[in-house]
Amino acid sequence: MIQLSIREMAQLLRDKQLSIPELCSIYFDRARAFNQQTNALLKINCDIDPAELLQAEEALLDESKLLAGIPLVHKDLFCTQGMVTTCGSRMLENFVPPYDATVVSNLKDQGMITVAKANMDEFAMGSSNEHSAFGSVQNPWDLTRVPGGSSGGSAAAVAARMVPVATATDTGGSIRQPTALCGVTGIKPSYGRVSRYGMVAFASSLDQGGVMARTADDCGIVLSAMCGHDHKDSTSHPDAAWQWNLPTLKNLKGIKVGVVIDWIDGLNDEGVKQSTIKAIDTLRQQGAEIIDVALPHAHLAVSAYYVIAPAECSSNLSRFDGVRYGHRSIDTADLETLYVNSRSEGFGEEVKRRIMVGTWALSSGYYDAYYLKAQKIRRLIAEDFNKVFEQVDVLAAPVSPEVAFKQEEKADGVSMYQADVFTIPASLAGLPCLSMPIQSVHGLPVGLQLIGRYFDERSILNVAHQFQQVTEWHKAMPEAYK
């Protein structure tokens, strides 16, 4: 059952060979059984919410709703009405939202069942899921290693088959990197495709909700349900609604795939390099035309990102002041003490670091030298992508420069930031990106990144789906969880 696709599970439910409670009980049981090892989930529901079950059973009568009765977990920065939403932070440890995020409500409308909330790096700041106030997440493939971040809980939960689907978010690589390190498939859609309403903000010009699942087809089905224009989000695109259908073609003939050869040549891990080259060769064998391309300003992306994202973070997180909601210090001798103590006690070290960096970058005397220059670099990177997509349909690239690293191996922070070197450029340009498993190195997963034109999620999903028709890597799962 845990290796079935969404389409296969949906058919069993519609044929009445399986009931919604029976399907969900499998995943509720697995979540409770395996979460102690991985710490992937923060809040596991004891049973199906009666209102959700009723909604799912009604949705099951509509043949267009493939997701009716399918279990999932939500990354713990999507607001869930009546259910604690912590963002992995002590600041929101007891926050119970009075409403659902648009992503949550859209998937509820399709009849999906919430199993749990997924652990994450605090306020989505991190690339290892070691920065959660509620403990690190362990990679199911090797419990001594990280699952990636910030959506590490979502990736680990899908990898261990605690759920078939998980929502996630991506600011600079937080869907692609963990899916690569955990051996599952994940897609970050174009900026504006998925509503950010009810998604607690980190960097508002970069954050985008997405999905993780076993296959590209599963991701496409769920992403279709998540998409749509939302008047409650000013960055939601008017034409955000989108529908994924299985491609009719069975090969990649006519598809031009660009390869940033400098990125592959720059890989120091020989195993990751050879896996990436072999995956690109598989695309060639399926009929794709492989074209070498260049992104001349991409090497500046990490530096620009770690000015822009902290600057936006310092602004967004100023709302957590101990006054309106969130953690409030009991030491409140005066207003300044309330602010200082509430924020010092509520935020973790990585969040404090980024708030301070962002505040400094926006301060008088540094704004032009850093923030404004970073925005100019962002524009150059976007223009580089535009020129490349005049020649090709899709870009194929590494996701991570290495396999999952050991816990606490990159505690200095700066080396952690370099883990996003291949994911940040497309994030700055607001492009759709996908990560899919391609091979394993020393028993650990490796991912391939596919980048598409703005609002062309279909092309990257199509390439990934065709790749998964002739390979088996997406079916692999850690031995201990079979």
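The values are calculated or read from the model by the stated rules, or taken from the named source; none is laboratory data. Everything numeric in this text was worked out from a predicted model, so none of it was measured. We place every Cβ from the backbone using ideal geometry, glycine too, and count neighbours over all the protein chains shown.
Summary table
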read-out: First in segment 291-319 and within 30 Å of I280 (Cβ to Cβ), second anywhere and among the basic types (K, R) and modelled with pLDDT of 95 or more, Cβ under 7 Å, 6 or more apart; value: I291/K256; A304/R378
read-out: Subset of segment 439-482 [within 18 Å of the chain's Cα centre (by Cα) and assigned to a strand (DSSP E or B)]; value: P445, V446, G447, L448, Q449, L450, I451, G452
read-out: Those residues of segment 189-206 which are in a loop (DSSP other than H, G, I, E, B), farther than 13 Å from S234 by Cβ and in contact with a strand residue (DSSP E or B) (Cβ under 9 Å, 6 or more places away or on another chain), in sequence order; value: P189, S190, R193, V194, G198, V200, F202, L206
read-out: Filtered residues of segment 213-260 (kept if surrounded by fewer than 17 Cβ atoms within 10 Å (Cβ to Cβ), among the acidic types (D, E) and either under 25 Å from I438 (Cβ atoms) or over 23 Å from the mean Cα position of the chain (by Cα) (or both)); value: none
read-out: Residue match in segment 408-431 (condition: surrounded by 21 or more Cβ atoms within 10 Å (Cβ to Cβ), touching a His at 6+ places or on another chain (Cβ under 8 Å) and either at pLDDT 95 or above or within 13 Å of S303 (Cα to Cα) (or both)); value: no
read-out: Enumeration of residues in segment 90-99 that are in contact with a helix residue (DSSP H, G or I) (Cβ under 7 Å, 6 or more places away or on another chain) and either charged (D, E, K, R) or closer than 21 Å to G210 by Cα (or both); value: R90
read-out: Residue match in segment 178-188 (condition: under 25 Å from V307 (Cα atoms), out of contact with any strand residue (DSSP E or B) (no Cβ under 6 Å at 6 or more places or on another chain) and not in a strand (DSSP E or B)); value: yes
read-out: Cβ-Cβ under 9 Å pairs, at least 6 apart or on other chains, segment 337-348 side farther than 9 Å from G322 by Cα, far side assigned to a helix (DSSP H, G or I) and aromatic (F, W, Y); value: F347/F123; G348/F123
read-out: Meets criteria (in contact (Cβ under 8 Å) with a residue 24 or more places away in the chain and of a type in the set (A, V, I, L, M, F, W, C)) for A369; value: no
read-out: Check on T179, assigned by TED's automatic domain parsing to the domain that holds S224, within 19 Å of V421 (Cα to Cα) and buried (at least 24 other Cβ atoms within 10 Å of the Cβ); value: yes
